[in-house]
Each structure stands twice: as structure tokens, then as C-alpha cells.
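Below is one structure, written out as C-alpha cells; the observations come after it.
The values are calculated or read from the model by the stated rules, or taken from the named source; none is laboratory data. It should be emphasised that the depicted structure is a prediction, and the values quoted were computed from it without experimental measurement. Backbone-built Cβ (ideal geometry, glycine too); neighbour counts: all protein chains shown. Quick note on the areas: whole protein, heavy atoms, side chains included, nothing else; ligands and nucleic acids left out. Shrake-Rupley method; radii C 1.70, N 1.55, O 1.52, S 1.80 Å.
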Amino acid sequence: MILINSLIVRWNNMDYIKSPVNYIGCKHKLLQSIIPLFPNDIDTFVDLTCGSGTVALNVTANKYILNDINYKIIDILNGIRKEKVNYVLKTIKGYINTYDLSKTNLDGFQKLREDYNNSDCKEWKMLYTLMSYSFNYQYRFNNFGKYNSSFGKDRSQFSKNQEKNLIECSKILKNMNCKFSYDDIGEFDYSKLTDKDFVYIDPPYYNSTGNYNDGKRLFGDWTIESEHGLYWLLINLNKANIKFAVSNNLTVNPEIEEFANKRKFNIHHLNADYSNCNYQKKDKTSKDDEVLITNY
């Protein structure tokens, strides 16, 4: 009850929890537009492509499933939940001291990246520290599973604000009745979901030029086949009377608008500035039309 009440106060103040993980397409800036459109009284909240986990951290439900095909991001979130936060912070700061990490020490960053790529045990805290000093706090893996983000010179570091977000995220996750998985959306087990559950999907935006669509990533690209697989999933969730919401951008991906209209799903145009998102439009001059598509 304490957790639920604190979340209600947080929503009323529009002060949403921010994940300590910076991830492509993070919806933190859009939460005040998205969360009020979610149904009340959710039993199981399924964050099907959870990324940083920011949305799930701000939703009230009885149970949670955080899923993402990127098992490395799931390992980080699960680690934050399971391990004592003081130990996590001590380990991160140990890496910072060992490699003399800073906004300007390229050699230390490259050494940490080399050691991570060559290690047999890819510890999540080592990866998280590496992410904290990478360009735009992003992390990328090539097709061979090697970490290849560049150094965030004069920009990125494990800051006090990031430490604060990690501590708060740890508290919230430890109080959530939560499961983690890393299934492709076509392989996730939907058979146990009921009409009291709710599925939120924030897929890669088809037809964007984000780095998840450049053909050089460990976890594959979001292709036209992936997009049509998403449509098939939505059709079947709707047939099963399971409520869903899907984030997308009609400027980048007009095809999903045609699909939603054909199926008579609702399209909510979000009143939010999403100009600093981590995908890129092919048409740089057009205005973003960020939407939430629902079947309720």
C-alpha cells in the first residue's frame, strides 16, 4: 500500500521515476501523456519490450512481467532488483577507481571496454559502468557480441543524479511482484494472460534510421516482417479480450496508422515534446506525431 500511495503522489506531481539505464526510445518524457491512458485495476502488467523499464516502474499493478529480447538489459534490471544497492554502488565505484574513469580519460574507457569484451563472465555491473561513460550513455553490441559504443568525451559519467536514479529504481523493483524474461514478442507465452491483464508494447519504430535498424547489431533489426508480426500479435490479443497499448510515431511509421484504422483501434495523439528521442527520422523537417494505439 505504501508503494501504491507513493506512486499516486508521484503521478499527481508529474514527477515520474526515471530508470538509471539510458535506452533507445525511453519514454520518460512521455509518461505524463501515456500513463493516464492506461486502464485502472491492472492485474499483470506486461512490458513486452521494456528497454530501460521506465514505463513499468511508473505503473500500478499487482504483478509485472518485464520482457525484452535484449537479455543484457534484462540482466541489468534483474541485477538491480536482486542485489543490495550498496554492494552495486561499491562495485561500480570500484571499476571507476580501477580504470580511473572520467569524462576525459579515453584510455581508461577503452581499457574497460577491452576487458569487458575479453572477459568470460560478462558481469552486468561492469557493463553498466561502461555504459555510464559511453557516448550519450548508450550501449551497442556488434553482430559478434562485442561492445562497440564510443567514449562519451566531456559528456558522460556515473553522476550523482544517475546514482540517485539507481537507488530509487532498486527500491521500486524490490517492492514489485516482478518476473523478467527475454523472449522475442512472437515467442512470449501469452496463454496465461486474462482480460484483467494489460500488455504495453514500445517496439522499434519501423522505417526509422535508429541504430537498431542499421544491420550491425547483436539483437537483429526491426524489419517489415517484424512489423507485420506485431500487427498479427495485436489482432490476436484483441480477439482474446486482452487490453493493449502500443507506442509509435506516425511521422516515421505511417503504415501502423493504416493498420490501426482498419482494425478500428484507438489512436491517441500525445501532447509531448519528443524531439530528443534516440531514433532518427528520414525526413528531418516533419513534426513528430507520437501516438499511443489502444484497443479499449
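Only one residue in Gly108, Gly94 is free of Cβ contacts under 8 Å to residues at least 40 places away in the same chain, at negative phi, open to solvent by less than 10 Å² (accessible area, probe 1.4 Å) and over 17 Å from the mean Cα position of the chain (by Cα), so which one is that?
On inspection, the qualifying residue turns out to be Gly108.
Given the conditions (1) at pLDDT below 95; (2) surrounded by 15 or more Cβ atoms within 10 Å (Cβ to Cβ); (3) out of contact with any Pro (no Cβ under 6 Å at 6 or more places or on another chain); (4) over 27 Å from Thr60 (Cα atoms), report the number of the one that Ala272 does not fulfil.
Of the numbered conditions (1) at pLDDT below 95; (2) surrounded by 15 or more Cβ atoms within 10 Å (Cβ to Cβ); (3) out of contact with any Pro (no Cβ under 6 Å at 6 or more places or on another chain); (4) over 27 Å from Thr60 (Cα atoms), the odd one out for Ala272 is (4).
Quick check on this structure: which one of Asp100, Asp68 is modelled with pLDDT of 95 or more and under 12 Å from the mean Cα position of the chain (by Cα)?
Just one listed residue meets the conditions, Asp68.
Return only the number of the condition from (1) open to solvent by less than 80 Å² (accessible area, probe 1.4 Å); (2) modelled with pLDDT under 95; (3) among the charged types (D, E, K, R) that Glu163 does not satisfy.
Evaluating Glu163 over (1) open to solvent by less than 80 Å² (accessible area, probe 1.4 Å); (2) modelled with pLDDT under 95; (3) among the charged types (D, E, K, R) leaves (2) as the failure.
What residue, of Ile35, Ile74, is part of a helix (DSSP H, G or I) and under 16 Å from Cys178 (Cβ atoms)?
From the options Ile35, Ile74, the qualifying one is Ile74.
In this structure, is Ile65 in a helix (DSSP H, G or I), surrounded by 19 or more Cβ atoms within 10 Å (Cβ to Cβ) and of a type outside the set (Lys, Arg)?
no
Quick one: what pairs do we get from the range 220-231, first residue over 19 Å from Asn70 (Cβ atoms), second surrounded by 14 or more Cβ atoms within 10 Å (Cβ to Cβ), C-beta under 6 Å, 6+ apart or different chains?
Qualifying pairs under 6 Å: Tyr231/Phe259.
Give the residues of the range 241-258 that are under 13 Å from Thr294 (Cα atoms) and either open to solvent by less than 30 Å² (accessible area, probe 1.4 Å) or assigned to a loop (DSSP other than H, G, I, E, B) (or both), sorted by residue number.
Within the range 241-258, Asn241, Ile242, Phe244, Ala245, Val246, Ser247, Asn248, Ile256 qualify.
Quick one: which of Asp183, Asp189, Asp202, Asp197 is at pLDDT 95 or above and under 21 Å from Gln138 (Cα atoms)?
Asp202
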